[in-house]
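As structure tokens, the structure follows; a few thoughts come after it.
Nothing in this text is a laboratory measurement; each read-out follows from the coordinates by a stated rule. As the structure is a computational prediction, the values presented were derived from the model and not from experiment. Here the Cβ positions follow ideal geometry from the backbone for every residue, glycine too, while neighbour counts run over all protein chains shown.
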Amino acid sequence: MLVNTCAVLLFALVATLPAFSWQRVSARSPVVDSGDPETVREIRELERQAREASLRRDADFSQRTLADDYVAITPLGQVTTKQDTVSARKSGQLRYETIDVSDMVIRLYGDTAVVTARADVKGHQLGEDFSGPYRYTRVWVRRGGHWLAVSYQATVTQ
């Protein structure tokens, strides 16, 4: 049970770290503008807000921006839901010191945006260090005029 709780918390960490501030994205980060520049700016802003929410452990941000059918795959291969992510944030057992994003690419497909990036993270979960490099993919869908994250997947890298 502790292993499952740790995995969910680790995922919550990684699920929200991918939404990093464009201000912390390196200059070499490409942004693929496959459509409307304003939409690309909206998605970049959501990623920035997600990064800030991760650093502040803001569960309300997850509640507002994750779709009810949101599903994420943790670096350990576990499937988590919106409620798992919100609960992990509320528990306060997950703490980020830094989240630095690079190599961010945003691709637009109508009312869908796919974000890929690298995130170098420093943090602790239940006292365990989870610092290191990750790659992630997040999928945003515009529903009712609002962007919601519907899927997220993170992988530990070298």
How long are the semi-axes of the equivalent ellipsoid of region 71-138, defined as square roots of 5 times the Cα gyration tensor eigenvalues? Whole Å, largest first. 23, 17, 10
Length-normalised contact order for region 53-158 - Cα pairs under 8 Å, 6+ apart - percent: 26 percent
Binned Cα-Cα distance frequencies in region 29-100 - 5 Å width, integer %: 3, 14, 20, 23, 20, 13, 6, 1
Projected label distance in nm at Glu128 and Val156, using a 7 Å step from Cα toward the beta-carbon: 0.9 nm
